[in-house]
Every structure is written in structure tokens, then in C-alpha cells.
Amino acid sequence: MRIPAIGTSFLPSRWSSSDASLKRTALYDGHVEMEGKIVDFAGYALPVQYSDSIQESHLHARSSAAVFDVSHMGQILISGKDRISFIESLIVGDVESLNENQGRLSLLTNDQGGIYDDLIVTRKPDHLFVVVNGACKENDLKIMRSHLDTWNKEHDSPVEIQYVEDRSLIALQGPKAVEVLQDLVDADVDLSKMGFMYAMDAKVGGFDCWISRCGYTGEDGFEISVTNTDALSLLRMILSDERAKPTGLAVRDTLRLEAGLCLYGHDLNENITPNEGGLLWTISKRRRNEGGFPGHNVVMQQIKDKVSQKRVGILVEKGAPAREGAEILSPEGEIIGSITSGTFSPSLKKKIAMGYIKRGYFKKGTKVSVKVRNKINPATVVSMPFVASNYYSPKK
């Protein structure tokens, strides 16, 4: 298929037209009915775009409610008395301090401090609910299960891992997402009391669902886990509300980039540490002091020594958008880094990017250049997010 000209950071060369070898989510028939442009993403046939332009869909998500199929993501349940100790031996996050039904973004790391995946862990009453990236889920499960074998031999109370295969995941994002969802939940459910990164079990349109108030857009929103059997009916029910529109993965990428959020495999990988990725905030004081996660010594040493490279925001002032792989240059023309994600921002009407740049050029306002199509274009290091986030907190 022809990729739209506005194409985002992860589209070129990594996407191809759909074929029979691709996995299909339970919502696939709905995407076809709505004339979604189906492409290959992480081995799944998913819609990159619908009838509206990427700009139109993007701005609708920022002003109303956008609906995404994110069923390619992995849903994992971890149970057992020592489940928190088990997961904290694999990730950098402080799960012990979470309230019941509260979630947290964390990182699955290796012994060198590199990041295998970024994921969300929610502390449920009798288990942990973990959502991992679609492209990483097989490796994540392999790592978790391999560690589990050793763990259960050394502990009296066994931990169990269950990969959830019979549920889909629908993301409802945008400032009117809460209004759309409130009309579908039972009357005794008050979403105004549910803060960002909290979860609940509730009926949505009469279907039993797991709801999390989170997302990948920088906007208020929800991720709704529903059985595959009910998924398409629920999708149609949500989209019967004129405030909600089906939205493709291209817009999910422009939204997350404006929000300064990383795309694994591009902005993060197993050779990038939390320090370099600007993600030290995911490691609490307790976890820094106590350690216990892979790569702890590397992370702490980098805090002392400082990192030689770091992820920063880049505003490209002239020329075409800087895509993944574009070189970042100093004013003297030295190569000092490279772009990992870049796009044209529909919200700002500017060309934005993020990338890794060497020490000495981290500071906001630093003038640099990017090499795009053999042209040297002026750029500036800027803070992220590019567009302010609108995460929800209940009024006290």
C-alpha cells in the first residue's frame, strides 16, 4: 500500500500490506467494515488509517474521543503470595507501594541495565495485571517464565503466570473519552472518582470489562479489556456515540510523539538504560536504595558518573521532518547523535522529533542541526512533552 505522505516515525520499511500470514484481532472484521487501511504491525493486521486524513483524526483525538484497537498488546496475570517480590526482581518499578487497583509504568531490564520492554503493572486485589508491548510480548514471557522456574525452586510459595489469550484491548482516548464511557457503564459507576493509572472491573454496555484509566496519547482516556467474544459488539457500541471515531495506528504514533512517549524498538531497546532514556523517574528511592532488579548497579553507577548520551526533544525549524536514523549535528558539523522518532505535529503545525544526543548538548535551547535528505536543517533541543498532557486527577 502507499504510505500517506505525512507518514510517522515507524511506518517506512517496517510496514507492509496485509496478507494471510498476519494475525487478526477479534476486531479485524470491524476494521474492514469501516474501510480501515490494514497493514502489518508487530505481525498483526491492524488499521493504520481510516477515511479521515491523519491530521483530521489526530485533531479529533485531541478535541473529542478516539478509539484504537490495541489488542496486539500482551495481557498477563501474575498470582501467588510472593507475586510482588517476583515482579520486582524483574522490573525497576515500586509495585509494593501501589494502592489496590493502582497501576504504574515500569521497565523490564537486563543485567547491563538495558530495557527489554516498557510495561504497565496494576496491583489488583489478588493478582498483578501486566500489559506489555505487542512486539515484545513473546520475549517478555520467555524472560518471566525462565525466571519463574528458578524463583519457584527457591521459594515456598509458588508464583503463577497466565498469558491472557481470550481478551481484546480497546483504547478510548481524548478529552471526551470519559463522557463516552460514562454513558456506557452502570449507573453506580462514577468515573469522576477514578484517577489516572487506576483500574476497576465494571460492566461496559452490559459486558464484563477490566478498565484502566491510562493510555498512550497524553490525553485522558481508558484502556478496556474485554473478552474476544464481546469485543466487536463493544467496539460498535462505543462508536455509535458520535463523539467517538475509529482511529488508526498512524495517529497513535503522532499523538504519543507529541506527548514525548517512547516507542519500544525505536526510542528504547535493550542497549538503552533508564538513565539514557530519561526514565529514571520510574525508579523510586526505595528501589534505588534496595536494588534487586537486573542492572541496578549499572543504573546507580550512571547516576554518579552521568551518562554519555541522553534522549531529548528536537524541534526542526526548517525543511522536512527528521525521521528515524537522521543524524544530529553540532554547530561545527560534528555528528553528536541521531533521531529515533520524528513527525509533523498536527497540533503544533511544527516538525518535532526525539533522539539521543551526546553529553554537552542536553540543555534546553541548545542549537543543533539535523541532516535530512542530504540537507542540513537548523534545529533546537527542547523539553518534552511537546504538547502538555491532560491526565486526570479527581478533585479533593
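List of remarks:
- Enumeration of residues in segment 356-376 that are at negative phi and not β-branched (V, I, T): Y356, K358, R359, Y361, F362, K363, K364, K367, S369, K371, K375
- From A135, A187, residue being in the same structural domain as T247 (by TED's automatic domain parsing) and of a type in the set (G, A, S): A187
- With respect to the conditions (1) crowded, with 19+ Cβ neighbours inside 10 Å; (2) in a helix (DSSP H, G or I), P294 falls short on a single one, namely (2).
- Residues in segment 329-347 that are out of contact with any helix residue (DSSP H, G or I) (no Cβ under 6 Å at 6 or more places or on another chain) and in a loop (DSSP other than H, G, I, E, B): S330, P331, E332, G333, E334.
- Matching residues, segment 215-233, being of a type outside the set (S, T, N, Q) and within 16 Å of S168 (Cα to Cα): G215, F222, E223, I224, V226, D230, A231, L232
- The C-beta contact set for segment 245-263 (first residue of a type in the set (G, A, S), second residue buried (at least 24 other Cβ atoms within 10 Å of the Cβ) and modelled with pLDDT under 95, distance under 8 angstrom, 6+ apart or interchain) comprises A250/T8.
- For segment 91-133, the set of residues classified as among the acidic types (D, E) and over 16 Å from G215 (Cα atoms) consists of D94, E96, E100, D111, D117, D126, listed by residue number.
- In segment 189-211, residue farthest from V131 (Cα to Cα) [restricted to those that are touching a residue at least 60 places away in the same chain (Cβ under 8 Å) and among the hydrophobic types (A, V, I, L, M, F, W, C)]: M194
- Condition check for G278: among the small types (G, A, S), in contact (Cβ under 8 Å) with a residue 24 or more places away in the chain, closer than 21 Å to G103 by Cα and touching an Asp or Glu at 6+ places or on another chain (Cβ under 8 Å): no
The values are calculated or read from the model by the stated rules, or taken from the named source; none is laboratory data. This structure is a prediction, so every number in the text was calculated from the model and none was measured. Heads up, the Cβs are rebuilt from the backbone with ideal geometry, glycines too, and the neighbour counts pull from every protein chain shown.
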